[in-house]
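Each remark here refers to the structure printed beneath this line.
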Amino acid sequence: MKKIVFTVLSFFILLALLQSCKKNSVRIIDYTHYVATDKECRVTGTIDTTQWVNNVLNRAEDTAWLIYTDNIVISDSVCATISMSPPCPNPSNGFFVWDVNPSRQCKLKVVCISTAQDILYFNTYGLNGGPITLGFDFRSQTSFRTDSSYRMYFGFYNSRDSLYYSGHGDIKIVR
């Protein structure tokens with residue numbers, strides 16, 4: 001009788017322990033809602049209001065990809081006002097231009113990842129302030145596949161490496 005009680009009690013304890021275990025959930029990122037633009041950077045489709053803007057709600061997700069060292073030094077400790085447009089054309093053959101306009105000198109970090117969350121591109125830019133067009137040419141990089149979408153994370157920093165503006169946007173490569 002003692003063995004049966006012990007076995008039943010052990011079973012319920014084990015069951016309670018198993019139910020208390022939580023699986024780590026993997027967040028699936030949807031790359032299909034890119035902002036479509038033509039070669040003149042005019043928006044031609046639906047605007048995703050979470051992309052290409054300062055995304056305070058997803059700040060932790062966005063900045064997790066921007067942590068890499070660089071040697072770009074800037075001197076302006078004041079935070080700039082940032083304006084930007086989505087890259088264009090989107091979708092494209094792998095060449096995108098992106099217009100950004102910081103009001104002051106700042107540092108810009110950019111990371112592009114695949115749907116498998118592999119880092120395919122990263123770079124840091126020192127921006128002097130004022131409008132600038134950045135070009136991204138992924139055509140010769142074999143890690144960027146045809147008919148695939150990618151997420152681009154960006155972050156703007158002052159001279160103290162303090163992040164003050166960050167977000168993400170999706171791009172699509174078609175050939």
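You can think of it this way: the chain between residue 128 and residue 38 has 29.7 nm of extra reach, that is 0.36 nm per residue less the Cα-Cα gap.
Summary of the geometry: the range 28-78 and the range 92-107, compared by the centres of their Cα atoms, lie 10 Å apart.
Potential lengthening of the chain between residue 162 and residue 78 amounts to 29.2 nm, from the contour at 0.36 nm per residue minus the alpha-carbon distance. Note on residue 143 and residue 50: their simple-model spin labels are 2.5 nm apart, each label 7 Å out from Cα toward Cβ.
Just so you know, all these numbers are worked out from the coordinates, no wet-lab data involved. From a predicted model like this one, the values you see are computed outputs, not experimental measurements. Note that each Cβ is placed from the backbone with ideal geometry, even for glycine, and that neighbours are counted across all protein chains shown.
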